[in-house]
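Encoded as structure tokens, the structure appears first; notes follow it.
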Amino acid sequence: MLVQREEQIARLRRAFHACEEQQRGQVALVTGAVGSGKTSLLESFSEWTASAGGRAVAAAGSRAERGLPLGVLEQLLHSARFDDETSARLHGLVRDAVAVPLPEPGADASSAGDRAWAPLLHGLFTALLDLAGPGPLVLLVDDVHHADPASLHCLLYVTRRLRHAPIMVVLAEASALRPAHPLFRAELLSQPHFSRITLPPLTVDAIARLVDDEAGTARETAERCLSMTGGNPLLTRALIDERSPDGTDDPAPELAFGDAFDQAVLGCLYRHEPGVRRVAQALAVLNRPTPTDLLGHLLDMVPEAAVPAVRVLRTSGLMDSDQLRHPRILRSILADMSPEERRGMHQRAAEVLHEHGAEPTTVAEHLVAAGWADAGWTVPVLQDAAAHALASGRPDVAATCLRLVARAEVDEPQRAATAAMMVSARWQVNPLAVTGQLAHLVETVRAGRGPAGDALTAVPYLLWQGRAEEAAELVEGCTADDDGPTGASGRLRVMRLLLCLSHPEHLTNLRDAAGAGGRVGTGGPQLQALAALTAALTPTGEHDAVTAAEQMLHRHHGDDGTLPLLTAPLLALLWSGRADRVAVWGDLLLDRPAVRHAPVWRAVIRALRAEAALRLGDLPGAEDHARAALEDVPPPAWGVAVAGPLATLIACATEAGRFGEADRWLAQPVPPGMFRTPLGLHYLAARARHHLALGRPHAASADLRRCGELMRTWGVDVAGLAPWRLEMARVQLGIGNKTHATQLLQEQLRVPHGVDDRTRGRTLRLLATTAAPDHRRKLLSEAVNLLQSCGDRLELVRALGDTGQTLQRAGDSARARLLVRRAYQLAQDCGASVLAQRLVRREPGAGAPAGYPTAETPEPEDGLSEAERRVAALAAQGHTNRQISSKLFITVSTVEQHLTRVYRKLDVKRRTDLPARLVGHAEPLAEEVSGAAV
């Protein structure tokens, strides 16, 4: 189907009618890029000519037959289907004419040539006039730029005699580097009644007409097509043909990838001159905007020689501005090149770009692709590129550059620097891969063969493996003024602080240094990030860890390569009791593209996000993130940091009542040095809760006592790290020792600068169980408010359940049931089914309270769960997602997930389409929420 060619067809038809009415010949030249639809236009016009009473004869030029004399003319004669006598006569004249050399079309011919060709030319024109009997005769020649010179000579003879002949000549040519037959074109353009018809690229509206899109997104698909093809009809049709047959299920169907588009791209290139294909290959190898002078240098040609090829590529839709239009086009061109061609061009590109002063990262890409580092200038370029890649969060790129350096001839300092950078790059991808290199690096430094900077490079990785003594040895072996101009003094302060924070037994030395005038919080971003973590671990009231952490995250979260820098502020927020902010920042960082290239840091952020979800009462989310963290980096590669995700998974399994699963996580081998780190305290606390849940209070007490002793010894008695007094009080309450439990809880509340809202709310809830009835309700009310504000839904469930039980004992059964029911629903939303069932068992009377879903309760006809129905009811009433989140004590993300499932089950697309019957469910919900505020 011809689209957006109505105007061009109309011009051809008008020329045909003029030829018919005035009995005067017409000449039309159809021009356009390769793949612009010239052939389809001529075929369509040929069919219309027959229906309009005319007669059409057609031929097509070919690069393969350009040297065949009169090849195009013989096609015309065959298409004309003359009678046998005329055909035999014309073929005889063709044989006689071919025996005489013919000059370039339009040039002066010798008298001998004129005499030899005159019979053929005259006979041809006479025969054509005979064909133009009742209606005009249309001569159609496609790809005339590939026609042989002899045929063009004959065509010029005919066009000169069209003033009073009802013959129309329609020629089609594609854009080329230069006119193939300039004299022929010059004379053709000078003919009277000549018209030039250009085929422009397709527009969005035209492409939308080609798209058969039942989903109603034809224009969106057309816009994507236009961005990939530039409106070239050949490329556009190939791309549309590749669309997935089931793409209509997607509200915005994407274009599938297959062979049709790739073949169309190569078809465009191979129909052009070889010079055009060479320029396209150079652009594909460079893969960036490239000026013509650089292209000329790369291809060993004068810059002006590349200009026509660039123009042709732009016209054909393969190129946009100064680079290839789309990565798909680039991949198609590269796939067509042999490996040797690609390596050779990459090497040449590296040399040319280096000569033109390109950035090391740009030059290094081509050096790596070529696998070449033999020139003397290549090693510094690769090392600079590797350093930039490490700073930009691309350890994989850095490792690739450094592997190429390792194959080159370098001196000892360069080799040592390369080894240090390789450890850093490979560790961020797989910590297990650097064990041997790390040991070699440490031995080199100990032997005095490496600079002090290499020693500091090894410190974080030694700490990750729990080798704190070796790390301390390297730190103490460096002096503050080593390589001062290069920043080694600042790096030394960072590594010393990192040693103290990862292994708090060294914090005493840090406090002594601070007391002697050392400043922890001044310096570069790394030192500031660690200072925020220091303020969270050792709060004094002088420094606000939350504010400092938020400032660091706001300032650097958008920068590539800052994931290592931002883990310290995230930990500071977590240990300061702001799990809600950790969840927000964690999701934001995990959505950044750079996180894909650093598996270790991605896993660390996921582990932090998991612990934040656990503290917010989101058990499924916590488990998903923690499992994903261990999939990114297997447990043996985590070193001492494995305590983080393991503690979260143990706590999740315990809360959910899956004690066997918790036992399996506890059976996972852990390094002994883990318990010398703050994360080891998380592990001890999680193991203690598991012991208590299984009825082993003595084992739980042992873990909590060890936890408390370590925290007091280290001077990091922070509830956000591990509220060991609170957990110990739970153990004491479990064995009936209320007096000791009360002492522990009151002591927990008195910890200076170390109690956040979540810990205070949890403490008040437990303290309420030991208080007199008149004071218990007040404590529970305050606990509910604190837990609701900090977002800990699991502890809020417990507080609501305790409040409901207190009201029940006071005789207020109606409000008690509302609160307990609300607690039950919230527990189900959190994934804490065991806690939910415990609430049911605590309810007086037989069975679950009215309105509780039970195993015997049939699923509603619409398929909505109880949680989905509650969210849908409030959404149908007009509440926003944030308002629903506040009313139901769930996160906005949970609201969005529920609504997505509701829309799918009810087959609606937006909240305004929700059935009106759901609004009725919002009224009892309002009563429950108001009762929960008591």
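The table that follows gives values for the structure above.
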| quantity | calculated |
| --- | --- |
| Single condition S886 does not satisfy, out of (1) modelled with pLDDT of 80 or more; (2) within 21 Å of G621 (Cβ to Cβ) | (1) |
| Test for R776: is it of a type outside the set (V, I, T), part of a helix (DSSP H, G or I) and either in contact (Cβ under 8 Å) with a residue 60 or more places away in the chain or in the same structural domain as L499 (by TED's automatic domain parsing) (or both) | no |
| Residue tally, condition under 53 Å from the mean Cα position of the chain (by Cα) and surrounded by fewer than 22 Cβ atoms within 10 Å (Cβ to Cβ), over segment 15-41 | 4 |
| Some residue of segment 158-166 being within 22 Å of R277 (Cβ to Cβ), buried (at least 19 other Cβ atoms within 10 Å of the Cβ), in contact (Cβ under 8 Å) with a residue 12 or more places away in the chain and not aromatic (F, W, Y) | no |
| Residues satisfying the stated conditions in segment 756-784, i.e. surrounded by fewer than 21 Cβ atoms within 10 Å (Cβ to Cβ) and either aliphatic (A, V, I, L, M) or touching a strand residue (DSSP E or B) at 6+ places or on another chain (Cβ under 7 Å) (or both) | A771, A772 |
| Pair list, Cβ under 6 Å, 6 or more apart: segment 293-318 residue without any contact (Cβ under 8 Å) to a residue 24 or more places away in the chain, other residue surrounded by fewer than 20 Cβ atoms within 10 Å (Cβ to Cβ) and not in a helix (DSSP H, G or I) | G296/V302 |
| In segment 355-366, residue nearest to the chain's Cα centre (by Cα) [restricted to those that are at pLDDT below 95 and more than 18 Å from A391 (Cβ to Cβ)] | A358 |
| Count of residues meeting criterion [touching a residue at least 60 places away in the same chain (Cβ under 8 Å) and touching a Leu at 6+ places or on another chain (Cβ under 8 Å)] in segment 390-426 | 1 |
| Residues of segment 704-716 satisfying the condition of being under 27 Å from L498 (Cβ atoms) and assigned to a helix (DSSP H, G or I) | R706, C707, G708, E709, L710, M711, R712, T713, W714 |
| Unique match (being part of a helix (DSSP H, G or I), over 24 Å from E351 (Cβ atoms) and touching a helix residue (DSSP H, G or I) at 6+ places or on another chain (Cβ under 9 Å)) among L402, L382, L367, L390 | L390 |
| Single residue of L835, L819 found to be at pLDDT below 85 and under 18 Å from A867 (Cβ atoms) | L835 |
| Yes/no for R5 being closer than 26 Å to R314 by Cβ, at pLDDT below 95 and buried (at least 18 other Cβ atoms within 10 Å of the Cβ) | yes |
| Residue in segment 700-715 that is in contact with a Gly (Cβ under 7 Å, 6 or more places away or on another chain) and not basic (K, R) present | no |
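Conditions tested, residue by residue: (1) in a helix (DSSP H, G or I); (2) assigned by TED's automatic domain parsing to the domain that holds E505; (3) within 28 Å of L839 (Cβ to Cβ).
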{"residue": "A643", "(1), (2), (3)": "yes, no, no"}
{"residue": "W665", "(1), (2), (3)": "yes, no, yes"}
{"residue": "P669", "(1), (2), (3)": "no, no, no"}
{"residue": "Y683", "(1), (2), (3)": "yes, no, no"}
{"residue": "G695", "(1), (2), (3)": "no, no, yes"}
{"residue": "A700", "(1), (2), (3)": "yes, no, yes"}
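The values are calculated or read from the model by the stated rules, or taken from the named source; none is laboratory data. A quick note: this is a predicted structure, and the numbers were derived from the prediction, not measured. We place every Cβ from the backbone using ideal geometry, glycine too, and count neighbours over all the protein chains shown.
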